[in-house]
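The values are calculated or read from the model by the stated rules, or taken from the named source; none is laboratory data. Bear in mind the structure is a predicted one, so any value in this text is a computation, not a measurement. Neighbour counts run over all protein chains shown; Cβ positions are idealised from the backbone, glycine included. Just so you know, the surface numbers come from the protein's heavy atoms only, side chains and all, with ligands and any DNA or RNA stripped out. Shrake-Rupley method; radii C 1.70, N 1.55, O 1.52, S 1.80 Å.
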Amino acid sequence: MDRGRGFMRIIKAEDYDHMSKIAADFIGAEIMLKPDAVLGLATGSTPVGTYKYLSEMVKAGEISFKEVRTFNLDEYEGLTASDPCSYAFYMKEKLFEHIDILPENTHIPSGTASDGEKECAGYDAMIDECGGIDLQLLGLGHNGHIGFNEPGNSFITKTHRVELTESTLSANRHFFHKEEDIPGAAYTLGMGGIFCSKRILLLVFGKEKAEILYEAFHGPVTPLVPSSLLQLHRDVVLVADKAALALFD
Ligand code: GLP
């Protein structure tokens, strides 16, 4: 294990599967120590293996999600939970239906709320009521985004609606059947919500992310690379495979 800048710890994994195992063990340890932990969860290709290992740990009786509460980072605008492309569907399929979590303890921003602003404010309030997020799991977007906090002129702190960038639309294209099916907007936890998490676990794999990962942690802290804000967080653990860490010392 190497020491990164600031309080960031870097764990170098051999490959995707190894990264997933390390991440699942890390989250499992959090749950063992705090059975009613509040977890911030991510979607995308990156955490699929982690969720598989967590499901196995539950089946083996090593951990239980009975008291765990979860808040997902984001959801596409216009997609209902029954849409196979929604993040709500993804979470059910990849994790929730395999573990003993209570459905009422899982939270995902609604993509179809009639009053989006109210939905966003309510989401932040729910997290506050739970005492904040203990452990936030993150992936890294190809343009440096986290959640759906896209590059821009300022860090948006609260949960908000966001127009997705071309880079994000093309990176997420493979999750949809047709190009025109990809929603152009989403709702995401803001940078403040992410930053207020007590601990952050960032997972990154693949050589395609090597440059943006390096920029996020060795470049300036700037809203043009939203993940660069993590340099200022007191407790970030980065688990990445060799390929993603290729530009690190
Ligand atoms: C997506 C999601 C993020 C995810 C990131 C990386 O757009 N909104 O939460 O972490 O982009 O995705 P992937 O893991 O598929 O590379």
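Here are the numbers for this structure:
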{"read-out": "Matching residues, region 180-209, being in contact with a strand residue (DSSP E or B) (Cβ under 7 Å, 6 or more places away or on another chain) and aliphatic (A, V, I, L, M)", "value": "ALA185, ALA186, LEU189, MET191, ILE194, ILE200, LEU201, LEU202, LEU203, VAL204"}
{"read-out": "Tally, over region 207-228, of residues that are open to solvent by 10 Å² or more (accessible area, probe 1.4 Å), within 13 Å of the ligand (Cβ to nearest atom) and touching a residue at least 60 places away in the same chain (Cβ under 8 Å)", "value": "3"}
{"read-out": "Residue in region 60-74 that is touching a Cys at 6+ places or on another chain (Cβ under 7 Å) and not β-branched (Val, Ile, Thr) present", "value": "yes"}
{"read-out": "Subset of region 22-48 [open to solvent by 10 Å² or more (accessible area, probe 1.4 Å) and either farther than 22 Å from LEU213 by Cα or assigned to a helix (DSSP H, G or I) (or both)]", "value": "ILE22, ASP25, PHE26, ALA29, GLU30, MET32, LEU33, LYS34, PRO35, ASP36, VAL48"}
{"read-out": "Filter pass, THR70 being more than 16 Å from the ligand (Cβ to nearest atom), touching a Ser or Thr at 6+ places or on another chain (Cβ under 6 Å) and free of Cβ contacts under 8 Å to residues at least 60 places away in the same chain", "value": "no"}
{"read-out": "Given (1) in a strand (DSSP E or B); (2) hydrophobic (A, V, I, L, M, F, W, C); (3) open to solvent by less than 10 Å² (accessible area, probe 1.4 Å), index of the condition ILE11 fails", "value": "(3)"}
{"read-out": "Residues of region 51-99 that turn out to be under 25 Å from ILE146 (Cβ atoms), acidic (Asp, Glu) and open to solvent by 20 Å² or more (accessible area, probe 1.4 Å), as a count", "value": "3"}
{"read-out": "Flag for ASP83 being part of a loop (DSSP other than H, G, I, E, B), among the acidic types (Asp, Glu) and more than 27 Å from LYS209 (Cα to Cα)", "value": "yes"}
{"read-out": "Failed item in (1) closer than 17 Å to TYR90 by Cβ; (2) modelled with pLDDT of 95 or more, with LEU213 passing the rest", "value": "(1)"}
{"read-out": "Any hit, region 110-130, residues being within 16 Å of the ligand (Cβ to nearest atom) and either open to solvent by 50 Å² or more (accessible area, probe 1.4 Å) or assigned to a loop (DSSP other than H, G, I, E, B) (or both)", "value": "yes"}
{"read-out": "Meets criteria (in a loop (DSSP other than H, G, I, E, B), modelled with pLDDT under 95 and either open to solvent by 30 Å² or more (accessible area, probe 1.4 Å) or of a type in the set (Gly, Ala, Ser) (or both)) for GLY6", "value": "yes"}
{"read-out": "Candidate set from region 131-151 (those that are at positive phi and either free of Cβ contacts under 8 Å to residues at least 24 places away in the same chain or surrounded by fewer than 21 Cβ atoms within 10 Å (Cβ to Cβ) (or both)); member that is nearest to the ligand (Cβ to nearest atom)", "value": "GLY132"}
{"read-out": "Pair list, Cβ under 9 Å, 6 or more apart: region 45-57 residue within 14 Å of ASP15 (Cα to Cα), other residue of a type in the set (Asp, Glu)", "value": "GLY49/ASP17"}
{"read-out": "When residues of region 163-195 are limited to those that are more than 13 Å from ASP124 (Cα to Cα), near the ligand (Cβ under 10 Å from one of its atoms) and of a type outside the set (S, T, N, Q), the one least open to solvent (accessible area, probe 1.4 Å)", "value": "ALA186"}
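Here is a yes/no grid of residues against (1) farther than 26 Å from ALA113 by Cβ; (2) within 16 Å of the ligand (Cβ to nearest atom); (3) small (Gly, Ala, Ser):
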| site | (1), (2), (3) |
| --- | --- |
| ASP36 | yes, no, no |
| SER55 | yes, no, yes |
| VAL58 | yes, no, no |
| ALA81 | no, no, yes |
